[in-house]
Every structure is written in structure tokens, then in C-alpha cells.
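The values are calculated or read from the model by the stated rules, or taken from the named source; none is laboratory data. A quick note: this is a predicted structure, and the numbers were derived from the prediction, not measured. With ideal geometry, Cβ positions are generated from the backbone for all residues, glycine too; neighbour counts draw on all protein chains shown.
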Amino acid sequence: MTIYLDNAASSCPKPPGVPEAVERSLRDYCANPGRGAHAKAVEAARVIHATRNKAAALLGAADSADIIFTQNATDALNMALRGLLSAGDHVITSNVEHNAVVRPLHNLSRQGVEVSVVESDAAGRLDMGDILAQVRENTRLAVFTHVSNVTAAIQPVAEIGGALAERGVHLLVDAAQSAGALPLDMGSMPISMLACTGHKSLMGPQGIGLLYISPDVELLSSRQGGTGSISEEPEQDLLARPDRYESGTLNTPGIAGLGAGIDFILEHGVEKLAAHKGALTRDLMQGLRAVAGVQLYGPAADEQRGPLVAFNVGGLPSSAVAARLDREYDIASRAGLHCAPGAHGAMGTLDRGVVRLSVGPFNNDSDIAAAVEAVARIARSA
Ligand SMILES: Cc1ncc(COP(=O)(O)O)c(C=O)c1O
């Protein structure tokens, strides 16, 4: 059976409730939510409302209307960046961002948005002083990833958000790797917007994500359309949240599955799941560190880090190692640049990328032992 250690790309397997919820939505109430008064449409709307409430509970958002469903984190980040920034605004970001941040900002820079990039250390950590030194008169926003999908470094987003808020700057957090993996509390963390994806640590299906928008932020929407509410009004900005930002028929099966994924997290507890994944990650790092020829990247095993390990073996290309793990040992990993080229600039791995092993709630000690043994054999034969 495949040993799945690619949970940072998409968590797999899902808790059993997730496929069941998706199937139930397609089988029992495949009607249009909020667009009819019959029982199936009402049930679809109820499930969407319930998932919104669960997401708000998990993220500590006081009002579930501030949770906006999107396709994924990329969609949420685009919505936030394009909705807040316009020509003449300045935004601060870092070199370790995913292309879901890098590419929209590159595009916005061609439209007159000024972008400053803060450089991390070699382990992917950002320095608060470096960030604050970039604040200018026209700085509107800063955007940072919470947990790097390459280095595993965790940025202190609450502290950063607090310091920026004192200077009148909003913080957008890319929580693609942290939502469901680390405790988050929008009630106490000074974060203006939080972009999440459903298919990683939130344990839901692909094609669903969300953007938390704090009540003091309004975005310009680039998408307008039917909401099933106040249909006589052409100006969608007059509608209350979430309809103001959700146009067209929602991804009901995805939202139903996401609701079941969040149920799993709430039932087991973020801290408990994080402790399990953290312990496996530490064991994995310790095992790999003992293998001659293996180079590990990112913060040390005893530092705060996300549940993923980036490494290389001797002089081998990362893709060759991942291919051998797959073909010879049936271990799912990921190789290459992981859509975050800047992080590789910091680590010195732009030429060959890194192999990434990332654990999920269903991994166990024997998965870690098998992965360490497989890497050791590859290293010996390299
Ligand atoms: C840090 C980070 N940001 C953003 C994304 C984009 O997520 P999605 O592809 O679900 O939009 C990812 C996905 O790998 C990620 O790891």
C-alpha cells in the first residue's frame, strides 16, 4: 500500500466523513442553494451555512458572514490582493512566498502597485525589523505565508500583524499550509485577511477554499453575478456579506466535504493533530539527519516548524529521488521548486529543488521508518 507523504500538496486519505458528505450532497440534495424554497435547495443552503459556521469556529471568527467561499487559496489570495490594492499603493511581501502570491503581485506591479520584497534567512525565517523597515507612507498591505510549503518555517503572523496594524497597514496571511495545522484565532490575532485552501490540513476536497475578511476591510470585487438575494439590485456592493463577495452557484459538494473535514479537526483538536504530526516530523528529521549524504533544509527539528521536511540526497536531482521513492518503495513525495522559487534562492537549491516529505493525521511511526530506510538505501546507491 502506498505510503502517502505528500500531505502538504493535498492531504490523503481524507477522513471517511469527507467522501460520504460529498456523495450525500450529490445524491440527496443536488439542488441549487439559496435559489429555491423546496426541500433540496433548503438542505443545500443549510449545509453551506453549517460549513461557514464550522470554519468560523475553527478560525475564531466572530461572524461567519466574514468567511467567503472561494475555489482555493490561490483564488482567495487573488481576491484579497486585487480587491485591496490599486495603482500607487505599496505592498510588502517576502522572498519565500508561493506563486499564488508572487504571480498576482507581479501582475499588479505592472498596473502601478509598488512591491517590496523582504529577504528571509537561509531557513526561511523573516525578521520583524526588516519588515517594518519597508513601511512607507503609501503602504496599504503586507502579505506573508504563515507556514512555508518549502522550508516549513513558521512566521509569527500575530506579532507581525500587530506591529503593522499600529502603522495602519493591513496584513494578509497565506494560510494554505497552516489552516487546520496550527491554532488560528481571528478574534485575537490582528490579521485583516486569511486565505485558506480546503484540500490540505483542512482535510476537505480540492476546488474549495475560503477567505476570512475582517469586518473593517472591504474589497473591490472583480466578479459580480447572481446570489439568489435582492435580485432587483444591480449593485452587488450594496449586499451584505457573504453575498457581496460570492457570485454564482457555490461548490456545494466541495463545501459539504470541507464541512466534514473541519468536523474531523474540531473533533480531534488542532493541537492534538499538530502534536501527532510534529512528533512524526521530528522523527523523520532525526532519521534523515543520520543518513550519510542527506542534507536537510529549514529550521532545526527542535524549532517551531510545519509538518514537512525538505531535503536532498548527495548530488542527486530531487526529481530522481522522488521518482525512486515512488517506483521502488511506493512512497509518495514531491520534488522540484514547489511553486516557490524564491525560497530556493534562500536555500541555494534553485538548480535542483528539494524532495519534500509531509505528514498527515493518518501517518504513523512505521511510515516514517519506511521513508527513512528508503532514503538511506537511495543514498547508499547514489
Ligand atoms: C504556501 C502556499 N500558498 C498557496 C498555495 C496554493 O494553494 P491552492 O493550490 O490550493 O490554491 C499553496 C499550495 O501548495 C501553498 O503551499
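Of the residues making up region 120-146, those that are under 24 Å from L182 (Cα atoms) and in a loop (DSSP other than H, G, I, E, B) are S120, D121, A122, A123, G124, R125, L126, D127, H146.
Of the numbered criteria (1) small (G, A, S); (2) at pLDDT 95 or above; (3) away from the ligand (no atom under 16 Å from the Cβ), the one S94 fails is (3). Scanning region 35-89 for residues that are assigned to a loop (DSSP other than H, G, I, E, B), of a type outside the set (D, E, K, R) and more than 16 Å from the ligand (Cβ to nearest atom) yields G36, A37, H38, G60, A61, A62, L85, S86, A87, G88. Residue pairs whose Cβ atoms lie under 7 Å apart, separated by 6 or more positions or on different chains, with the first residue in region 65-92 and farther than 19 Å from S247 by Cβ and the second of a type in the set (K, R) and away from the ligand (no atom under 16 Å from the Cβ), are L85/R140; D89/R140; H90/R136; H90/R140; V91/R140.
Checking each residue in region 165-183 for being closer than 19 Å to I262 by Cβ and either surrounded by fewer than 19 Cβ atoms within 10 Å (Cβ to Cβ) or assigned by TED's automatic domain parsing to the domain that holds A301 (or both) picks out only P183. Does S201 qualify as being within 17 Å of A57 (Cα to Cα), part of a loop (DSSP other than H, G, I, E, B) and out of contact with any helix residue (DSSP H, G or I) (no Cβ under 6 Å at 6 or more places or on another chain)? So S201 fits the description; yes. Filter region 148-164 for residues that are under 13 Å from the mean Cα position of the chain (by Cα), among the β-branched types (V, I, T) and surrounded by 24 or more Cβ atoms within 10 Å (Cβ to Cβ) and give the result. Of everything in region 148-164, just one residue is under 13 Å from the mean Cα position of the chain (by Cα), among the β-branched types (V, I, T) and surrounded by 24 or more Cβ atoms within 10 Å (Cβ to Cβ), namely V150.
Residue-level check: of (1) touching a Pro at 6+ places or on another chain (Cβ under 9 Å); (2) within 26 Å of R35 (Cα to Cα); (3) outside any loop (DSSP other than H, G, I, E, B), G259 misses just (1). Every residue in region 168-192 that is within 14 Å of the ligand (Cβ to nearest atom) and either over 17 Å from K14 (Cα atoms) or in a loop (DSSP other than H, G, I, E, B) (or both), please. Residues satisfying the conditions are L172, V173, D174, A175, A176, Q177, S178, G180, A181, L182. Does region 217-239 contain any residue that is in contact with a strand residue (DSSP E or B) (Cβ under 6 Å, 6 or more places away or on another chain) and on the phi < 0 side of the Ramachandran plot? Looking through region 217-239, none of the residues is in contact with a strand residue (DSSP E or B) (Cβ under 6 Å, 6 or more places away or on another chain) and on the phi < 0 side of the Ramachandran plot.
The criterion of being within 16 Å of the ligand (Cβ to nearest atom) and touching a residue at least 40 places away in the same chain (Cβ under 8 Å) holds for N149.
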